[in-house]
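Colleague: Next up is a structure, given as structure tokens.
Every number in this text was worked out from the coordinates using simple rules, so none of it is lab data. Predicted model only: the values in this text are computed from it and were never measured. Cβ atoms come from the backbone with ideal geometry, glycine included; neighbour counts cover every protein chain shown.
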Amino acid sequence: MSIFRSVEMVRKKIRIPREHAVEFMDELGKNTEGVEFIDLNKSNQEGKKNFYDQIKLCDDVEKKLSNIEKVCENYGKEISRYQTYIHFIQDMEFEERNLKREKKDLFDTIRVEISKDEEKILELVNSHQNISENLNYIKEKKAVYDQIAKLILSGSEEMLNYQRQKRGNDEEVGNSGFNTIAGIIKAEDEVKMKRMIFRVSRGRASPSFFELSMPKLSGKEDDEKVTKKIFLIFSPGGQENILMQKLIKVCDIYGASRFGIPKTDEMRSEIAQLNSDINEKEGFLKSSKTLLEDFLREKIGSTILGDYKESKYDLYKNYIKKQKYLFHELNKCILTDNFIEGEVWVTEENFPKVEEEIKRLSSDLSMTANFSDSSSKNLTPPTHIKTNELTWVYQEITNAYGVPRYGEINPSLYSIITFPFLFGIMFGDIGHGGLLLLFALYLVLKHDEIKSSDSPLKLALKARYILLFMGISAHYMGWMYNDFLSIPINLFGTCYVNVRLYKLF
């Protein structure tokens, strides 16, 4: 019986027309009951195989789709995914029928469209990032000017020196008085920068730092804030300004953004102009983001009021992946002038169905494809073991240690009893086993409801039966051990006598 062993396999030769090789291979791929191609080109280099160029094209399209997905992720846009394989097949066949009417190929259409989309998206992203960086620069500059204006109003000693310097000289480096450098650095560089300024200036320069919170440069609306520091460095002026040059170099080492400081009487007008620039750039930023979102919306899909809309990009991604698998299998075959010849392993009971499907497709395409007996001998067939929802997880455990040889007895069926029983011996506890049992019962009884939801428990559904048996066994052995949540209890008494030894005098 096949339930205790792998199913019987037959080896067949297959000959399909070269012109419609992909269609026939696709038809064979739809069969899930064990059709495996034998690699007849194993000794050939990968780059010299017949369909290497097509596989490389698939890799290029997948890379471009991956780049688009990263853009969507960076801008907080989730690509809708197909929930079932049937929906994907229906949409793919619909697209193929429409393109056939226009005498176009779906693979070439997708390849060209994705290339244009990637180019357009990258252009929109670069535009958005440039505007965002420019806006961020203006905001940082305004923050520095606001801080200086605040210090002027507060009448601090540093600002009095700054005012005296600015009245006498509007250049960044003056001939006398104080020189001032203003800018922004990362918050974590404050202490290191202070130390370096002290060493470079030998205590003659006086730095001041102020808190600044700025949003990250990305398209997400819920961006985290980045903490930065506004710095003001006051140093004595001189004719050679050697100290000034050293301080500027220190700023450059820590990647500081430096800003020129206007005169005191010009500060208010400068801040007003910066406010005007910020409003203008924010409008440009909003427009560029809207253009990008509008471009993506049609192709990434959406979930609006529970109405699920599949993503065009997910359709393309799955289609390219499917085509790549088909070309990999075709590379295992021998290419002749008009035909592609290969050899396959097919389950014996499923072979008539596969042969009938190939004949039907041959009739539809008016092209002949057929099977014939293979002359190869002394080759070990692959192991194909049928599983169901109960036995699947046990078979996976067995395969983790080693797949049974063809025709060998399958130990997975026996482990349905032995594995949970040994687990119960190890994990026996009335409380812990009971909790595991209740959890497994919930998975079994609510299977359909959980499967149709977005619950993370969907990942545990395949293991619900093994968890059920493990819970039953652990709970039962807990009664044998008289253990409840690792606390020993004595419910049934004992047949053993507690003998105490007394020291005799």
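Colleague: Given charges of +1 on the Cβ of Lys and Arg and -1 on the Cβ of Asp and Glu, with all other atoms neutral, how large is the dipole of the range 1-154 about its Cα centre, in debye to the nearest 20?
Modeller: That gives the range 1-154 a dipole magnitude of about 240 debye.
Colleague: If you put +1 on each Lys and Arg Cβ and -1 on each Asp and Glu Cβ, how big is the dipole of the chain around its Cα centre, in Debye rounded to 20? Don't skip to the answer; put the middle values down first.
Modeller: Values: 73 positive and 77 negative charges, 370 e Å.
Using Cβ point charges on Lys, Arg, Asp and Glu, the chain gives about 1780 debye.
Colleague: Given R₀ = 25 Å, what would the calculated FRET efficiency be for THR387 paired with VAL10, taking r from the Cβ atoms and rounding to 0.05?
Modeller: Details: r = 21 Å, r/R0 = 0.83.
With a Förster radius of 25 Å, E is 0.75.
Colleague: From the Cα gyration tensor of the chain, with a ≥ b ≥ c the square roots of its eigenvalues, which class applies: rounded if a/c is under 1.5, or else prolate if a/b is larger than b/c, or else oblate? It would help to have the intermediate numbers written out before the result.
Modeller: Values: a/c = 3.01, a/b = 1.55, b/c = 1.94.
Cα axes put the chain in the oblate bin.
Colleague: Can you find, among THR227, PHE107, LEU441, the residue sitting farthest towards the positive end of the charge dipole of the chain, where Lys and Arg contribute +1 and Asp and Glu -1 at Cβ?
Modeller: The residue sitting most towards the positive pole is THR227.
Colleague: Classify the range 29-110 from the C-alpha gyration tensor, please: rounded if a/c falls under 1.5, else prolate or oblate depending on whether a/b exceeds b/c.
Modeller: On the way: a/c = 1.64, a/b = 1.34, b/c = 1.22.
The shape class here is prolate.
Colleague: Quickly estimate the mean residue ellipticity at 222 nm for the chain, helices only: each DSSP H run with n ≥ 4 gives -39500 (n - 2.57), and the total goes over all residues, rounded to 500.
Modeller: Working: 15 runs with 267 residues, N = 505.
Using -39500 (n - 2.57) per qualifying helix, the result is -18000 deg cm²/dmol.
Colleague: Continuing with this model, one more query. What shape does the range 404-505 take by its C-alpha gyration tensor, where a ≥ b ≥ c are the square roots of the eigenvalues and a/c under 1.5 counts as rounded, a/b above b/c as prolate, and the rest as oblate?
Modeller: On the way: a/c = 4.34, a/b = 1.83, b/c = 2.37.
Here the range 404-505 falls in the oblate category.
Colleague: Can I ask one more? Considering amide H positions built from the backbone, and no H for Pro or chain starts, which residues 5 or more places from LYS386, or on another chain, come under 5 Å of its amide H?
Modeller: VAL7
Colleague: Round to the nearest 10 and give me the degree value, 0 to 90, for the angle of helix 106-154's Cα axis relative to the longest principal axis of the chain.
Modeller: 30 degrees
Colleague: Going Cα to Cα from LYS312, which lysines come in below 17 Å? Please leave out same-chain ones fewer than 8 positions away.
Modeller: Correct list for LYS312: LYS63, LYS64, LYS70, LYS77, LYS116, LYS120, LYS299, LYS321, LYS322.
Colleague: What is the gain in length, in nm to one decimal, between LYS249 and TYR481 on full extension, counting 0.36 nm per residue of separation less the C-alpha to C-alpha distance?
Modeller: Details: separation 232, 0.36 × 232 = 83.52 nm, distance 7.48 nm.
Net length gain for the segment: 76.0 nm.
Colleague: Please list, in order along the range 422-435, the HN-Hα scalar couplings obtained from phi with the Karplus expression 6.51 cos²θ - 1.76 cosθ + 1.60 (θ = phi - 60°), rounded to whole Hz, x for Gly and Pro.
Modeller: 5, 5, x, 4, 6, 10, x, 6, 4, x, 5, x, x, 5
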